[in-house]
Structure formats: structure tokens, C-alpha cells
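Below: the structure, in C-alpha cells.
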Amino acid sequence: MSGVRILRLAAGGDGVGRLEDGRTVFVPRSAPGDLVELTRVREHRRFARARVARVVEPAPERVGARCPHYVEDDCGGCQLQHIASSAQRAARRTFVGDALRRIAKLDVPDPELVPASEDFEYRTKITLHVDDGGRRIGLHPLDRPDYAFELARCHITRPELMSLWEEVGSLRELLPGGVRHIVLRLDRWGRRHVVLVTGPRTGAAALHEAMQARGVAATLWVQPEGEEASAVSAPDQPFPATVFEQVHPAMGDRVRAHAVAAMGDLAGRHVWDLYAGIGETTAALADAGASVESVESDPRAVAEAEARGPRAARLVGRVERVVGRLRAPDLVITNPPRTGMDERVTAALDTAAPSRIVYISCDPATLARDLARLQGFRLRSALAFDLFPQTAHVETVAVLDRAS
């Protein structure tokens, strides 16, 4: 097969080219402008997928990956380490703009993007997969969810967690049987946490004692799948180490500040905070003078929000199930998971008809789908935030005003 020129990047980070027969081919680890020879071509009726056998002509934006695992182990945690940071940021802008044009049918340019202050060592959480009875603990190669390679160091994760991984990894023989994942997390106060995700309920006393003996400064948690986590050292410890929190907190704070500011004057306004997490946005809204009704499905996150304050009307449950119990809002802020909002939620928002919706999204495709459903609103502005350098992921804040 002759070489294929890579034309652009698709939303997931794959390069896009054309085969001789005209079909689109998706090629991971390629860069726009590359001329590549392909291998492992998997042909479908309308498209194909392949891997790079050899880069015949590298694109100007192609760079050497900083992380050895990216090349040697084909690590799937990053998708864009082989592309210069400036070109990565341009691509992530395009991912958002393309979704808004193609899915939401909006005639808009690519949004501006707020860059991260660092391109590496920013993640405050990493999930390691335990393979082969604990003999390998690490991350999945690209398209290999059934296998984990042994992790030495993840270059997009904070050094405090990588030093914790060195300490815990050296004690792997003390891991209780049935551990499936190890989650390492750095919380807002700089405290380190180790969460063992296990099968049936099991103990981790031996590992805890060894960590204490070595002076490992971290709280050890055990979380049987489908159950709540409990701290080995203090089962009633209130901080929910397993509750969702942004893995790039500094940039997450910038997203929140922009989203709250985009709501305008909040004094005396009634606001819905949907998918509220541990209540940081609710607190910002209340501090600005709004009355807030928040909805969050994780009861431990809600308990944490209550403990932090300020007081608000907090509902525990899935948004689509409880949104009908909320009183009419003046404004709405929504921050759903990657899957976006349930269709029942977008319908409820159309019926409630607030004057403005601020939508925080971590997936351009589901954002665009939801905007298309919100027929009673028009897009006022969109701004992207670079929360996840080296990856194809991007955060977006879309501001919607009720159509007149």
C-alpha cells in the first residue's frame, strides 16, 4: 500500500486520511501533515482503521513523546503526546467547533481556548489496573482493555502521586486478594489517598501496617465494587476519597469562575445547580447572593457539600428523576458527566424556560447533541478550557440564552 497523507485529527485524537479507494482511514499516533505507511489495516464498508508502520514524511508539528510508555507500551492514557502543544490546543478547539457545526447545526467558528499553565504533571488522580494476579499493575495499551502494562511513571500525573505509586508498588505482595484497581488521589489539601477497588469485601490491614511502618503519608481505603469506600485507619473518616472531583483542580477552578461569572448578576436570583458534585459551584452561587437548589446523585458528595457549606436546598438523586420537584429557576448551571444530559433533563429545561443556562461539558459531541435538543435557547458564547493536555479531551463552557 502506498503512503497515506494525514489530513486532520478526529475528535478522539486519531489522524484522518484517505485510502486509494477513497474511504476514510483513522490512524492513531499520526499528525496532520504526516505521510505514513500503514499496517494492521481493518477495513469496513465505509471506512478503515489502521496503525502507523512508518512515518515517511513527518509533519512539522510532530515531536518526540516525553513518556517512554507512550511509545514502548502503546499507552492509551494519552492520545496526542506526539504532537506539539500549540497544535494540540488548535486541534482541541476544532473538536468543539466541529461538534457544534456538525451535530448542533450551528454556524459558529471554533471557540477560543484557555490554555493550561502546565502540559505535564497536572493530574491529581490516576486509576491503575491490576493484571495477572498483581504481577503487573499499570495502564492499558491503546485498544487493549484486557491487558495492563507495568507502570513506571505517568508523566501527566502529579509527582506526589508518582512517588506514592513507588511506595505502594514496592508493597504489592501485601495487596489483599481480589484487588482489581488501585486509585491514587491527591485532594485539595495536598493529602494523598490510596483506594483499593476489590471484589468481595476484604481487608487490607497488612498493607496498612506496612505503609505506616515505612512512613508512607497516605490514607488507605478499601472499596468493594458497588459499595462505599471506607478508610482502613478510620472507617468513619468523612472525606469521600472516591467522590468525583476535577483531576486538574487549578483549571477546574478557572472553568467554575468563568461559568459563574457568565450567569450575570446573581443577587436575589433562583438558580438550579445540576450535577453539583461536592458543592463548589453551589457555594460560589450562594456567596454571590443566589438562592440555590442543587441536585447530585452521590450521597457522599452531598454530605461533603453540606459539611463545607454554605447552606442550600440540596437534593440527592439522578437529575432526570428529581428535576420536576424543583421550583422554577431564573438561571441554570449544569455540569453533567461525559454522557451529557438525559433527554428528560433537556425537556425539563425547555419547559422551565430560565433566562440563561450555563452548560459545562467535558465532551463536545454530547454538548452539541444537548444544545440541539434545547430548542427554546440560542447559543450566546462558547469557551474551551485546556484541562487535559496530551489527550483529545477538552472542557467547554457554553452560555445559552432563552430565545425571544
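One residue stands out among those in the stretch 3-54 that are within 30 Å of the chain's Cα centre (by Cα) and of a type in the set (Asp, Glu): the one that is surrounded by the fewest Cβ atoms within 10 Å (Cβ to Cβ), which is Asp14. Total residues in the stretch 100-124 satisfying the condition of being closer than 30 Å to Val52 by Cβ and either open to solvent by 20 Å² or more (accessible area, probe 1.4 Å) or among the small types (Gly, Ala, Ser) (or both): the figure is 12. Per this entry, Val271 is counted among residues that are touching a Pro at 6+ places or on another chain (Cβ under 7 Å) and either modelled with pLDDT of 95 or more or surrounded by fewer than 19 Cβ atoms within 10 Å (Cβ to Cβ) (or both). Counted as qualifying within the stretch 130-232 are the strands (runs of 3 or more DSSP E) with 2 or more residues that are closer than 30 Å to Ala250 by Cα and more than 21 Å from the chain's Cα centre (by Cα), namely 219-224.
If you scan the stretch 104-129, which residues turn out to be over 17 Å from the mean Cα position of the chain (by Cα) and within 26 Å of Arg369 (Cβ to Cβ)? First the steps, then the outcome.
In the first step, residues of the stretch 104-129 are kept if they are over 17 Å from the mean Cα position of the chain (by Cα); the result is 104-112, 117, 129.
Ala104, Lys105, Leu106, Asp107, Val108, Pro109, Asp110, Pro111, Glu112 - these are the residues of the stretch 104-129 that are over 17 Å from the mean Cα position of the chain (by Cα) and within 26 Å of Arg369 (Cβ to Cβ).
If I go through the stretch 392-404 residue by residue, how many of them are surrounded by fewer than 17 Cβ atoms within 10 Å (Cβ to Cβ) and either modelled with pLDDT of 95 or more or under 17 Å from the mean Cα position of the chain (by Cα) (or both)? Please lay out each step first, then the result.
In the first step, residues of the stretch 392-404 are kept if they are surrounded by fewer than 17 Cβ atoms within 10 Å (Cβ to Cβ); the result is 401-404.
If we keep only those that are either modelled with pLDDT of 95 or more or under 17 Å from the mean Cα position of the chain (by Cα) (or both) too, we end up with 401-402.
Qualifying residue count for the region: 2.
From the list Thr351, Thr334, Thr339, the lone residue that is touching a Leu at 6+ places or on another chain (Cβ under 7 Å) and within 20 Å of Leu400 (Cβ to Cβ) is Thr334. For the stretch 364-371, the criterion of a residue being farther than 19 Å from Arg102 by Cβ and not small (Gly, Ala, Ser) is satisfied by no position. Comparison of Pro364, Pro337 shows that the only residue that is open to solvent by 10 Å² or more (accessible area, probe 1.4 Å), within 20 Å of Gly279 (Cβ to Cβ) and not hydrophobic (A, V, I, L, M, F, W, C) is Pro337.
Report whether or not Arg318 is under 28 Å from Arg369 (Cα atoms) and open to solvent by 20 Å² or more (accessible area, probe 1.4 Å). Outline the logic, then answer.
Numbers: under 28 Å from Arg369 (Cα atoms): yes; open to solvent by 20 Å² or more (accessible area, probe 1.4 Å): yes.
Judged against the criteria, Arg318 is a match.
The values are calculated or read from the model by the stated rules, or taken from the named source; none is laboratory data. Note that the coordinates shown come from a computational prediction; the quantities given were computed from them, not determined experimentally. Cβ sites come from the backbone with ideal geometry, for glycine too, and all protein chains shown count toward neighbours. Keep in mind that these areas ignore ligands, DNA and RNA; they rest on the heavy atoms of the full protein, side chains included. Shrake-Rupley method; radii C 1.70, N 1.55, O 1.52, S 1.80 Å.
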